[in-house]
Amino acid sequence: MNVLEVKNISKSFGSKKVLDGVSFSVPENCVFGFIGRNGAGKTTTMRAILGLLELDSGEIDVCGEKVTYGSTPQSGCIGYLPDVPEFYGYMNACEYLELCGSITGIDRAALKSRISEMLELVGLDKEKHRIGGYSRGMKQRLGIAQALINRPKLLICDEPTSALDPVGRKDILDIIGAAKEKTSVVFSTHILSDVERVCSKVALLEGGKIAFSGSIDSLREIKKGSALELTLTCPEDCEKVVSVFKQATVSEGMIVFQNATDKDCAELMSYLAAQMIPINRLERHEVDQEDLFMEVISK
Amino acid sequence: MRGFTAFIEKEFRELIRTKRMMILLIVFIAVGILNPATAKLTPKLLEMEADSLASMGMTVNEISITALDSWVQFAKNTPIVLIVTLIIFSGIYTSEYTKGTLIPLLTKGLSRSSVVLSKYVVMFVAWSIGIWLCFGITYFYGDFYWDNSVVKGVVFAGFCLWLFGVMMVSSIVFFSSIASSAGQVILGAGGLYFVMMIAGISKKVSEYLPTKLLAIGSLYTGELVPSDYKIPAIIAAIISVNFVIAAFPLTHKRQI
């Protein structure tokens, strides 16, 4: 069963169309990566899922229940971590989680053990200070704890790692990875390496539309094609090589093979050896994240 | 309901921890003491200034001070206390909207109605406790130094001021549902008062306006009786209820 179904949603702010027929679905126990650059519409989509935003058209179902604007009928079903979580500075973490827990209706006795479990999970169990003095990373951790306190079926994280240092990022990703056992996670980001680390399914949002959607493997498939760069000792040989390998191009005295597979690489080397063409350099490098991003977007 | 109780608990905790409660209590108690103190000190001040007044051709005779002077001070000072209360509570809703502190709680199933209602209850309780505390202190000193029985309708006059305050607090609830900052809320509440003042220029209209509830001096002297305040009191109550009721659908529609 799908925990989340987004069907053809559209939203405009004034004349600007932010979402234009976005559809995707998230199955159970899946970490769903929602990729897009800043302003692509990720946060707008998430707010729509939470019922915090009125849609122009389309429908969203969470745990089989239709989402309506202005109310949160999916109580107990969704946990939400905003991009910059804000809490009441005069409370400490434990008091804040108590507030969240009692709103969702967890009874007092169970709540106590749940809170210490959550604080331990996010590493805030020894923190006794009030939230007002927390760093950004600590707020992000508390954000995860409050989002998971009611054991939701769907956890929505809006760019949870964007503002954190590498250690903080790793910790947050580990927590999200661990949460997968009990809940589905929708996790928006513009950092592709984060997606590769924890996600099993991805969708890429660009210009208000889904530019790519599929499993993490299919994303890797696109990434597989690596570029091959060849510099020959005698520049005159260039034409000879290019005439045989049609996909190669010559730029700045260098032969470049875009999206070269392993077979292409082997064929090239055997040709060079057979023809006794001397080379200075043969280099193979993976498509980097930006290239991949651009490639998916331009499709 | 569980959201409401949890949230109201948070509201009271906020009132105490952000020191707003302390500020309000200090102001209410200070004014409560100031009312009789001003009345008590007036003849002493005039005596001290007697020489300079004499040089201006004024002579100070024996002034007799009664509890009435203290209650007149109460009527004069209460609007100031109300303004302090309104300023303190002006950002109670809008700060949550702009900071985004409500979002995690709303997504947990807290209804927007609970938010509107619990904040209103907190303001209502704080204002009620404050004004009657101020009243009680003035009453105590009135009996201690003088005799309250010479003043008519003290409790009803206190009720009038309380009701006017309730109406202004309700206006905070209403304006908060459409405004985006504390400043705008205060502007709305101030605007409401200003409109009533302008409309009150006409003697006929002023008989019906809630602002009449502030003019309680004539109640103390017995020139007017409680029944003369019936219509403005009813109108103030109707406005209060409508302000709060209107805030619900407006807050539901609001983009948070």
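Please enumerate the residues belonging to region A:2-35 that are outside any strand (DSSP E or B), on the phi < 0 side of the Ramachandran plot and touching a residue at least 24 places away in the same chain (Cβ under 8 Å). Walk me through it before giving the result.
Let us first name the residues in region A:2-35 that are outside any strand (DSSP E or B), namely A:14-15, A:28-30.
Still in the list and also on the phi < 0 side of the Ramachandran plot: A:15, A:28, A:30.
Hits for region A:2-35 are A:E28, A:C30.
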Handout entry: Among (1) under 18 Å from the mean Cα position of the chain (by Cα); (2) more than 10 Å from chain B (Cβ to nearest Cβ); (3) surrounded by 16 or more Cβ atoms within 10 Å (Cβ to Cβ) - the single one A:E28 does not satisfy
Key = (3)
Handout entry: Given (1) within 24 Å of A:K153 (Cβ to Cβ); (2) away from chain B (no Cβ under 13 Å); (3) not in a strand (DSSP E or B), index of the condition A:A48 fails
Key = (2)
Practice task
Identify the residue in region A:241-271 that is loosely packed, with under 14 Cβ neighbours inside 10 Å and among the charged types (D, E, K, R) and, among all such residues, is nearest to A:R284 (Cα to Cα).
Solution key: A:D262
Practice task
Can you work out which of the residues in region A:99-137 that are loosely packed, with under 13 Cβ neighbours inside 10 Å and not in a helix (DSSP H, G or I) is farthest from the other protein chains (Cβ to nearest Cβ)?
Solution key: A:K126
Handout entry: Check on B:T66, surrounded by 14 or more Cβ atoms within 10 Å (Cβ to Cβ) and either among the small types (G, A, S) or within 14 Å of chain A (Cβ to nearest Cβ) (or both)
Key = no
Problem - Among (1) within 24 Å of A:V84 (Cα to Cα); (2) out of contact with any His (no Cβ under 8 Å at 6 or more places or on another chain); (3) surrounded by 23 or more Cβ atoms within 10 Å (Cβ to Cβ), the one test that A:S12 misses - result: (3)
Completion exercise
Within region B:201-256, the residues that are without any contact (Cβ under 8 Å) to a residue 40 or more places away in the chain and of a type in the set (F, W, Y) are B:Y208
Problem - When residues of region B:215-236 are limited to those that are among the β-branched types (V, I, T) and within 28 Å of B:T66 (Cα to Cα), the one surrounded by the most Cβ atoms within 10 Å (Cβ to Cβ) - result: B:I216
Problem - Residues that are closer than 28 Å to B:I23 by Cα, within 14 Å of chain A (Cβ to nearest Cβ), out of contact with any helix residue (DSSP H, G or I) (no Cβ under 7 Å at 6 or more places or on another chain) and surrounded by fewer than 21 Cβ atoms within 10 Å (Cβ to Cβ), drawn from region B:96-134 - result: B:T98, B:K99, B:G100, B:T101
Fill in the blank from the handout: So the strands (runs of 3 or more DSSP E) completely within region A:148-247 holding 1 or more residues that are outside the structural domain of A:D61 (by TED's automatic domain parsing) and at pLDDT 85 or above are A:226-232
Problem - Any chance B:Y193 is touching a residue at least 60 places away in the same chain (Cβ under 8 Å), under 23 Å from B:L86 (Cβ atoms) and either buried (at least 16 other Cβ atoms within 10 Å of the Cβ) or not aromatic (F, W, Y) (or both) - result: no
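Considering every residue within region A:82-94, establish whether at least one is within 11 Å of chain B (Cβ to nearest Cβ), aliphatic (A, V, I, L, M) and touching a residue at least 40 places away in the same chain (Cβ under 8 Å). Show your work before the answer.
So in region A:82-94, the residues within 11 Å of chain B (Cβ to nearest Cβ) come out as A:82-92.
Applying the additional criterion that residues be aliphatic (A, V, I, L, M) yields A:84, A:91.
Filter again for touching a residue at least 40 places away in the same chain (Cβ under 8 Å), leaving A:84, A:91.
Yes, region A:82-94 has at least one match.
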Exercise for the section: Go through (1) crowded, with 22+ Cβ neighbours inside 10 Å; (2) more than 14 Å from chain A (Cβ to nearest Cβ) and name the single condition B:S149 misses. Expected result: (1)
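Given the criterion outside any helix (DSSP H, G or I) and more than 8 Å from chain B (Cβ to nearest Cβ), identify the matching residue among A:I144, A:I60. Walk me through how you get there before you give the answer.
On the way: A:I144 fails: outside any helix (DSSP H, G or I).
A:I60 is the lone residue from the list that is outside any helix (DSSP H, G or I) and more than 8 Å from chain B (Cβ to nearest Cβ).
Matching residues to (1) more than 29 Å from B:K152 (Cα to Cα); (2) over 30 Å from the mean Cα position of the chain (by Cα); (3) within 14 Å of another protein chain (Cβ to nearest Cβ):
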| site | (1), (2), (3) |
| --- | --- |
| B:G3 | yes, no, yes |
| B:T18 | yes, no, yes |
| B:K40 | no, no, no |
| B:K44 | no, yes, no |
| B:A54 | yes, yes, no |
| B:V60 | no, yes, no |
| B:Q73 | no, no, no |
| B:T78 | no, no, no |
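The values are calculated or read from the model by the stated rules, or taken from the named source; none is laboratory data. Remember, it's a predicted structure, so these values are computed and weren't measured experimentally. As a convention, Cβ positions derive from the backbone with ideal geometry for all residues, glycine included, and neighbour counts pool all protein chains shown.
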